[in-house]
Amino acid sequence: MARPTAEQTHSDLEVVDLHTVQATELEELWQHEVGAWRDRLLWDISAIAAAFRRTLERGGIAGKVVRIGGRAVGFTYYAVTGQLGVVGGLVLSPVWGTVAAGEALLRETVDTVRRKGVRRIEAAFVSIDYPWLAPAFERQGFRTYWREFLRVALHAVPALEPPPAGVQLRPWRETSIAEIAQIMRAAYAGGIDAQAHQRYRTEHGCRAVLDDILHQGSCGNLVAEASVLAYHRSRGVGFIVTTEVASGQAHVAQVAVLPTYQRQGIGRSLLTYSMACLVEGRFDTLSLIVYQANDRALRLYRALGFHTVLAFPVFTWEA
């Protein structure tokens with residue numbers, strides 16, 4: 001069957017609420033997304049896709065679906081909490097989807113979220129091969145930030161670098177979520193991460209991020225032996241949380257150091273310690289995501305052998 005023509009796209013295109021669609025209608029789209037993450041990012045999101053299907057079947061997800069000629073060719077999902085709207089994802093068929101379909105889907109999603117009275121919308125999902133996405137969001141009044149998905153092969157890791165004098169690395173089992181949430185908030189204050197993510201601006205929000213990582217499976221499964229907290233005189237000053245996102249594939253879900261302890265080599269020590277543990281655990285690669293504007297972090301990661309796999313945009317809008 002041929003790809004839809006421009007005339008068909010405009011005449012047969014419709015956008016409907018996600019809750020009016022059967023989960024089975026989106027199966028082909030999810031299979032493509034799972035495959036794209038596996039092939040491009042070495043990340044297994046099949047469990048996330050399965051959880052999405054179950055929640056959708058219960059009517060627990062808000063979103064939009066775009067159809068062409070009655071066929072579902074893309075969908076979005078979003079959440080609204082108070083005056084904050086979050087677009088959690090956008091998936092468009094590489095075969096049946098068109099730029100017109102993608103833009104119509106995005107426009108209807110954004111308009112719906114705005115009508116709920118929000119003062120801010122964030123869209124920080126990973127997008128693969130959607131070159132039209134940034135211009136489409138910007139036409140809706142959004143600000144664009146660029147992030148990079150980096151990866152390093154663990155067959156030849158840098159030498160383990162000990163922390164500075166007086167700083168100790170303690171196993172994850174001794175850590176406190178409240179303590180690392182305080183480190184997160186302080187580390188991100190005034191920076192690019194807090195600009196793009198409202199939750200990073202408060203300790204409560206940082207705890208919610210950590211809960212998503214550690215208990216909700218949003219970023220794979222914790223690799224406790226490769227996750228540590230840096231202490232100085234009994235005070236937590238930095239940490240790294242490492243997860244397994246596919247067999248043999250690890251990811252730095254969070255790494256942060258208090259501002260007054262930065263530029264002392266603690267971040268490098270946390271990363272090289274984690275990498276050494278992963279090698280012992282027979283992991284093949286380690287990945288992470290960083291904002292392009294975070295020049296200092298990017299330089300560190302590249303010095304440790306990380307390279308760019310994917311650059312993608314994320315977006316914010318303020319009323």
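Among the residues of the range 277-300, those that are within 18 Å of the chain's Cα centre (by Cα) and under 24 Å from T144 (Cα atoms) comprise S287, L288, I289, V290, Y291, Q292, A293, N294, A297, L298. In the set (1) loosely packed, with under 14 Cβ neighbours inside 10 Å; (2) free of Cβ contacts under 8 Å to residues at least 60 places away in the same chain, the condition left unmet by A189 is number (2). Taking the range 110-124 as the search range and keeping residues that are surrounded by 17 or more Cβ atoms within 10 Å (Cβ to Cβ) and in a loop (DSSP other than H, G, I, E, B), which one is nearest to the chain's Cα centre (by Cα)? Selected residue: A124. When A311 is tested against the conditions (1) of a type in the set (A, V, I, L, M, F, W, C); (2) under 27 Å from D129 (Cβ atoms); (3) surrounded by 17 or more Cβ atoms within 10 Å (Cβ to Cβ), the lone failure is (3). Criterion applied to F142, F137, F149 was being surrounded by 18 or more Cβ atoms within 10 Å (Cβ to Cβ), under 22 Å from H251 (Cβ atoms), of a type outside the set (A, V, I, L, M) and touching a residue at least 24 places away in the same chain (Cβ under 8 Å), and the one residue passing it is F149. In the range 25-41, the residues that are buried (at least 18 other Cβ atoms within 10 Å of the Cβ) form no Cβ pair under 6 Å with any partner that is acidic (D, E), whether six or more places apart or across chains. Whenever a residue of the range 203-227 is more than 19 Å from L270 (Cα to Cα), its partners that are aromatic (F, W, Y), lying with C-beta atoms within less than 9 angstrom and at least six residues away or across chains, give the pairs C206/Y188; C206/Y200; V209/Y200; G220/W43.
For the range 45-98, a tally of residues being in a loop (DSSP other than H, G, I, E, B) and either touching a residue at least 40 places away in the same chain (Cβ under 8 Å) or assigned by TED's automatic domain parsing to the domain that holds A246 (or both) returns 9. For the range 73-92, filtered to residues that are of a type in the set (G, A, S) and crowded, with 21+ Cβ neighbours inside 10 Å, the residue that is nearest to L26 (Cα to Cα) is G74.
Looking at L29, L105, L18, L90, which is the one that is at pLDDT 95 or above and more than 22 Å from F312 (Cα to Cα)? It is L18.
When Q216 is tested against (1) among the polar types (S, T, N, Q); (2) surrounded by fewer than 20 Cβ atoms within 10 Å (Cβ to Cβ); (3) modelled with pLDDT of 95 or more, just one condition goes unmet, and that condition is (3). Looking at this structure, is Q262 at negative phi, surrounded by fewer than 20 Cβ atoms within 10 Å (Cβ to Cβ) and polar (S, T, N, Q)? It is true that Q262 is at negative phi, surrounded by fewer than 20 Cβ atoms within 10 Å (Cβ to Cβ) and polar (S, T, N, Q). Within the range 30-66, the set of residues being farther than 22 Å from G220 by Cβ and either among the β-branched types (V, I, T) or in contact with a Ser or Thr (Cβ under 6 Å, 6 or more places away or on another chain) (or both) comprises G63, K64, V65, V66.
Please work out which one of (1) in contact (Cβ under 8 Å) with a residue 60 or more places away in the chain; (2) part of a strand (DSSP E or B); (3) among the small types (G, A, S) is the condition G305 fails and give its number. Only one criterion is unmet by G305, namely (2). Take the range 281-308 and flag every residue that is β-branched (V, I, T) and either surrounded by fewer than 14 Cβ atoms within 10 Å (Cβ to Cβ) or closer than 22 Å to L133 by Cβ (or both). Within the range 281-308, I289, V290, T308 qualify.
The values are calculated or read from the model by the stated rules, or taken from the named source; none is laboratory data. Because the structure is predicted, anything quoted here is derived from the model rather than measured. Cβ coordinates were reconstructed from backbone atoms using ideal geometry, including for glycine residues, and neighbour counts include every protein chain displayed.
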